[in-house]
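See below for the structure under consideration.
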Number of protein chains: 2
Amino acid sequence: MPALLVGALVDGKPNFMTTAWGGIANGEPPMISVALRHSRYTLKGITRNLTFSVNIPSIDLVKAVDYCGITSGAKVDKVEACQFKVFYGKLDNAPLIEQCPINLECKVVHIMDLGSHSLIVGRIEETHVSQSCLTNGKPDVNKIKPLIYITDPASQYQALGEVVAKAFSIGKEIKSQEQDCSAEVPEVKE
Amino acid sequence: MPALLVGALVDGKPNFMTTAWGGIANGEPPMISVALRHSRYTLKGITRNLTFSVNIPSIDLVKAVDYCGITSGAKVDKVEACQFKVFYGKLDNAPLIEQCPINLECKVVHIMDLGSHSLIVGRIEETHVSQSCLTNGKPDVNKIKPLIYITDPASQYQALGEVVAKAFSIGKEIKSQEQDCSAEVPEVKE
């Protein structure tokens with residue numbers, strides 16, 4: 001699961017919480033979903049403003065990421081404690097963290113009460129990528145160095161590991177075997 | 001993003017497709033969401049049966065994972081091509097892949113048309129974990145060895161990497177600094 005910092009303006013102040021329950025929800029238009037517990041202070045700002053941000057932290061931000069997951073903005077000023085440099089882009093109420101290499105500004109499309117959590121689907125209105133994390137003008141995951149959150153056997157953050165295979169490529173080995181087989185059939189029959 | 005194999009019974013036959021657009025949607029009751037393009041053959045089975053499966057593959061299944069992402073069940077029998085051993089659990093129409101260490105049986109709770117994709121939210125009715133991937137009776141990510149799908153700078157599958165820090169722990173370093181500060185304030189004033 002990806003470690004994400006979800007941001008909102010709550011009671012006039014920027015606040016951020018950590019969640020690993022999120023992912024891409026749609027391609028065109030681009031949308032993302034995050035699941036937040038009903039009691040979350042950040043959720044209060046999202047339901048009021050109908051805007052939020054998703055900030056993708058690098059491994060060097062792990063201390064702040066964990067802090068934003070174990071504290072509540074109702075009690076502490078997380079921006080001050082974590083020394084986040086906050087900026088705004090296209091949307092007024094979606095605070096963004098400068099230290100995070102990727103920032104997504106989102107407008108709420110759906111909020112669904114699923115039980116313990118609300119699933120929030122947001123349309124990504126704008127994306128910011130740190131210049132230092134680009135390669136040939138595109139975001140480079142090896143420079144972004146995202147954090148992966150693991151629950152079992154222990155709750156911990158891990159880094160991305162080695163490349164296993166190329167996508168849209170390695171699978172063709174199965175495909176071509178199949179084509180070979182069908183190509184061989186007429187020969188066998190003859 | 002996690003590489004997931006979504007399964008459904010389509011036209012009476014088990015079929016599986018690869019998606020990386022998915023994540024946990026709720027805690028209690030446990031739910032998962034996956035985003036599938038409208039044209040997907042697997043989606044046909046999900047909307048008909050209102051049941052599906054999510055299978056988490058290990059890195060040694062990378063060839064099959066990629067194959068299931070670049071082919072359509074309308075044209076090929078992916079189970080045969082990938083030599084998947086299919087089994088069923090609690091739900092009749094949720095085919096599961098024996099080779100995948102984690103299998104989730106899901107009942108559809110919501111299907112949302114978001115544009116190019118349908119976001120499917122499913123309640124996890126049953127979870128299967130391979131015995132060989134347990135440590136002290138709990139799933140162990142180091143044995144599961146999930147595949148992580150990356151798009152930039154190249155589309156590829158990567159493994160999990162090194163442990164960065166313990167969760168619900170490293171963040172306390174910030175917390176305790178803050179507590180120290182407030183404890184120091186009265187002393188400074190005196």
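Just so you know, all these numbers are worked out from the coordinates, no wet-lab data involved. What you see is a predicted model, and the numbers here were worked out from it, not measured in a lab. When we count neighbours, we look across all protein chains shown, and the Cβ atoms used for this are built from the backbone with ideal geometry, even at glycine.
Descriptive notes on the structure:
- The Cα trace of the stretch A:1-108 gives Rg and Dmax of 12.5, 38 Å, the first to one decimal, the second as a whole number.
- The helix-based estimate of mean residue ellipticity at 222 nm for the protein assembly as shown, built from -39,500 (n - 2.57) per DSSP H run of four or more residues and divided by its residue count, is -6500 deg cm²/dmol to the nearest 500.
- Note on the protein assembly as shown: the C-alpha convex hull projects to 21.3 nm² when averaged across all orientations.
- Taking Cα centre as origin and charging only the Cβ of basic (Lys, Arg, +1) and acidic (Asp, Glu, -1) residues, the dipole magnitude of chain B rounds to 840 debye.
- When A:SER132 is represented by a point 7 angstrom out along its Cα-to-C-beta vector, the spacings to that point in the other copies are 4.3 nm, nearest first.
- Position A:GLY12: other-copy label points at 6.8 nm, ordered by increasing distance, label point 7 Å along Cα→C-beta.
- Net charge over other residues, Cβ less than 12 angstrom from the Cβ of A:LEU91 (K, R count +1; D, E count -1): -1
- Debye log10 I(q)/I(0) at q = 0.12, 0.15, 0.29, 0.30 Å⁻¹ for the stretch B:2-62, Cα point scatterers: -0.29, -0.46, -1.26, -1.30
- Pair-distance distribution of the stretch A:28-183: all C-alpha pairs, bin width 10 Å, starting at 0; shares per bin in whole percent are 9, 29, 34, 16, 8, 3, 1.
- Measuring between alpha carbons in the structure, the pairs from B:LYS107/B:LYS166; B:LYS107/B:LYS138; A:LYS63/B:LYS145; A:LYS85/A:LYS143; B:LYS13/B:LYS85; B:LYS44/B:LYS75 lying more than 22 angstrom apart are B:LYS107/B:LYS166; B:LYS107/B:LYS138; A:LYS63/B:LYS145.
- For the residues B:LYS44, B:LYS63, B:LYS172, a GNM of chain B with alpha-carbon springs under 10 Å puts the largest fluctuation on B:LYS172.
- As a calculated quantity, the FRET efficiency between A:GLU98 and A:GLU28 at R0 = 25 Å, using C-beta atoms, amounts to about 0.30.
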